[in-house]
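The values are calculated or read from the model by the stated rules, or taken from the named source; none is laboratory data. Source: prediction; values computed, not measured. Reconstructed Cβ throughout: ideal geometry from the backbone, glycine too, with neighbour counts over all protein chains shown. For the accessible areas, the whole protein counts, side chains as well, though only heavy atoms, and no ligand, DNA or RNA atoms are used. Shrake-Rupley method; radii C 1.70, N 1.55, O 1.52, S 1.80 Å.
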Amino acid sequence: MQPLRQLRLAALNIDGVLLNDTFSPVIHGFVTSRGGSYDGEVERGIFSQPRAVAALAMGRAAGVDWTADKVLEVYFEERAAHLERHPLHVLPGVAELLHRLRGLGLRTVCYGGLDKGHFDHYLGHLAHLFDGPGYVSTDSFRPGVHEIAVDVFGLDHGQALFVDDVARVAEAAFGLGASFIGHPSPFEHGFQGQQMREAGVRHLVGSLDEIDEELLRAVDAEAADAAGATDAAGVAGAERGARTYV
């Protein structure tokens with residue numbers, strides 16, 4: 001099999017990509033059940049933010065004057081009730097995607113805002129298909145594109161591909177030169193697909209099966225072309241800087 005040209009790592013978000021989305025409906029319900037209005041700006045202020053920041057934004061949107069700890073306490077109580085009715089589960093195609101990524105020579109890692117116990121509980125049976133720490137909790141440095149690519153794996157940003165359900169992560173990836181595939185939630189009141197398109201995300205999928213070899217090679221080719229253009233610009237700049245005039 002022909003190796004990829006540029007990509008070396010695939011970083012996969014846990015909730016909403018590898019597991020079903022149980023955050024959007026609970027956040028929406030937390031806000032609207034208390035008389036708050038829910039729109040794209042509300043989502044932008046909450047999604048892929050550090051937990052304390054998201055809690056305060058959620059409280060403001062709901063119209064409650066609570067501390068972050070109080071918001072989180074009530075939110076997780078409501079999420080637990082939601083999970084009794086709509087259990088968390090591994091989405092179809094996860095194992096196949098991991099094998100596909102590794103078959104193309106990519107290292108793989110999972111990341112998300114909860115602690116590693118969340119990963120161990122739901123994806124521990126697939127832990128052997130992940131590299132490095134297996135799971136990176138990004139709560140203290142969300143969205144975590146730089147930290148995962150550079151600090152954890154020692155790569156350039158342009159060698160990493162992120163698959164996420166939140167547009168904020170796409171914006172961070174593009175700002176650093178990393179690749180991105182969007183997997184927005186199908187939640188009917190969500191805005192992430194729209195925000196991804198507005199951010200210029202070219203590759204949006206509705207299922208993990210759509211992240212096939214053809215798409216991965218296309219994303220890799222884009223990353224390689226971008227890296228080549230950057231290198232060429234750097235060489236040209238160096239040559240101009242080194243030029244002497246007599």
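With the structure loaded, tell me whether D65 is closer than 24 Å to S140 by Cβ, over 22 Å from the mean Cα position of the chain (by Cα) and of a type in the set (D, E, K, R) or whether it fails that test. Considered against the rule, which asks whether it is closer than 24 Å to S140 by Cβ, over 22 Å from the mean Cα position of the chain (by Cα) and of a type in the set (D, E, K, R), D65 comes out as no.
On the stretch given as the stretch 76-89, residues that are of a type in the set (A, V, I, L, M), part of a helix (DSSP H, G or I) and in contact (Cβ under 8 Å) with a residue 24 or more places away in the chain total 1.
The residue that is nearest to L106 (Cα to Cα), counting only those in the stretch 203-216 that are open to solvent by 40 Å² or more (accessible area, probe 1.4 Å) and touching a helix residue (DSSP H, G or I) at 6+ places or on another chain (Cβ under 8 Å), is E213. Among the residues that make up the stretch 24-46, is at least one of them open to solvent by 10 Å² or more (accessible area, probe 1.4 Å), of a type in the set (A, V, I, L, M, F, W, C) and part of a loop (DSSP other than H, G, I, E, B)? Checked the stretch 24-46: no residue is open to solvent by 10 Å² or more (accessible area, probe 1.4 Å), of a type in the set (A, V, I, L, M, F, W, C) and part of a loop (DSSP other than H, G, I, E, B). One residue alone among G134, G105, G93 is open to solvent by less than 60 Å² (accessible area, probe 1.4 Å), within 18 Å of the chain's Cα centre (by Cα) and in contact (Cβ under 8 Å) with a residue 40 or more places away in the chain, and that residue is G93. Tell me, which residue of the stretch 110-130 that is touching a residue at least 40 places away in the same chain (Cβ under 8 Å), open to solvent by less than 50 Å² (accessible area, probe 1.4 Å) and not hydrophobic (A, V, I, L, M, F, W, C) is nearest to Q49 (Cα to Cα)? It comes out as G113. Checking A160, A167, A227 one by one, the residue that is surrounded by 15 or more Cβ atoms within 10 Å (Cβ to Cβ), modelled with pLDDT under 95 and of a type in the set (A, V, I, L, M) is A227 and no other. Restricting attention to the stretch 1-20 and to residues that are open to solvent by 30 Å² or more (accessible area, probe 1.4 Å) and either within 18 Å of the chain's Cα centre (by Cα) or among the aliphatic types (A, V, I, L, M) (or both), the residue that is farthest from L208 (Cα to Cα) turns out to be M1. Within the stretch 60-75, residues that are at pLDDT 95 or above have Cβ atoms under 6 Å from residues that are open to solvent by less than 30 Å² (accessible area, probe 1.4 Å) and part of a loop (DSSP other than H, G, I, E, B) in these pairs: A61/G36; A62/G36; G63/G36, counting only partners at least 6 apart in sequence or on another chain.
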